[in-house]
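Take a look at the structure set out below.
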Amino acid sequence: ATLRAGVVGSVSLTARAGKLAGIDLRAALLEGRGELGKPGSARKSEFNAGSTTPFNEMKARFELSEGRAAGQSLELHSATLHAVGAGELLLDSGAIDLRLDASVTRAAQEFAAFAGVSVPVQVDGLWRLPRFTLDFGAAGGAPPPGPSGAAAAEPAGVAPSSVALSALAPRPQGLRAGR
């Protein structure tokens with residue numbers, strides 16, 4: 001415990017072609033798409049060892065100080081999804097508190113409702129068995145116009161809008177950069 005409390009520095013990680021265990025983020029977004037913008041429509045789920053989110057690349061940068069790992073830049077990129085955010089891990093207890101924003105990077109028909117919308121995702125609990133909360137009611141951005149949910153045409157040469165799943169956590173008290 002004393003060693004973990006005394007660790008100071010920065011850590012940067014990059015992983016490619018892997019799977020994030022505990023949640024199928026793609027399926028979770030699709031299950032809640034009918035709740036976008038409806039107050040009180042957060043969906044909570046416990047860690048599920050049988051669920052995974054495949055990714056092409058995952059990046060994280062942590063500042064270590066006073067027994068905490070403050071993740072100031074967390075990113076997950078897959079063929080369909082993009083998630084970015086920040087948060088912290090308490091090194092002694094393994095408690096995790098991340099806030100993310102998830103977005104859809106492909107304009108597949110099943111994700112049409114997410115065009116231009118950002119869904120907040122909270123990840124908390126212990127890092128080995130985290131809980132996930134997707135807050136569809138707090139989703140930001142404007143849903144696509146029209147009854148079919150089809151997004152408006154993009155100007156020539158511009159990629160389709162992406163749905164983002166961003167997590168921005170408050171900066172931990174007492175954390176000092178550059179140590």
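The values are calculated or read from the model by the stated rules, or taken from the named source; none is laboratory data. Treat the numbers as computed from the prediction; the structure is a model and nothing was measured. We place every Cβ from the backbone using ideal geometry, glycine too, and count neighbours over all the protein chains shown.
Any idea which of (1) without any contact (Cβ under 8 Å) to a residue 24 or more places away in the chain; (2) among the hydroxyl-bearing types (S, T, Y); (3) in contact with a helix residue (DSSP H, G or I) (Cβ under 6 Å, 6 or more places away or on another chain) is the one S73 doesn't satisfy?
So S73 meets the others, but not (3).
Limited to region 60-95, what total is found for residues that are assigned to a strand (DSSP E or B) and over 21 Å from R128 (Cβ atoms)? Quick ask: steps written out before the conclusion?
Quick first cut of region 60-95, residues assigned to a strand (DSSP E or B) only: 60-65, 68-77, 81-90, 95.
Then drop every residue that is not over 21 Å from R128 (Cβ atoms), which leaves 61, 63, 65, 72-73, 75, 77, 81-82, 84.
Of the residues in that region, 10 qualify.
Scan region 1-25 for residues that are surrounded by 17 or more Cβ atoms within 10 Å (Cβ to Cβ) and in contact with a Phe, Trp or Tyr (Cβ under 9 Å, 6 or more places away or on another chain) and jot them down.
Within region 1-25, the subset surrounded by 17 or more Cβ atoms within 10 Å (Cβ to Cβ) is 20, 22-25.
Across region 1-25, the qualifying residues are L20, G22, I23, L25.
Could you list all residues from region 94-127 that are of a type in the set (K, R) and either farther than 22 Å from S78 by Cα or modelled with pLDDT under 90 (or both)?
The one that is of a type in the set (K, R) and either farther than 22 Å from S78 by Cα or modelled with pLDDT under 90 (or both): R106.
Inside region 38-55, can you point out the residues that are loosely packed, with under 15 Cβ neighbours inside 10 Å and closer than 23 Å to E110 by Cβ?
The first filter runs over region 38-55 and keeps only residues loosely packed, with under 15 Cβ neighbours inside 10 Å, leaving 38-40, 44, 46, 48-50.
Residues satisfying the conditions are K38, K44, N48, G50.
Residues of region 16-59 being assigned to a strand (DSSP E or B) and among the hydrophobic types (A, V, I, L, M, F, W, C), which ones?
Keep residues of region 16-59 that are assigned to a strand (DSSP E or B), which gives 16-22, 42-46, 48-59.
Of everything in region 16-59, those that are assigned to a strand (DSSP E or B) and among the hydrophobic types (A, V, I, L, M, F, W, C) turn out to be A17, L20, A21, A42, A49, F55, M58.
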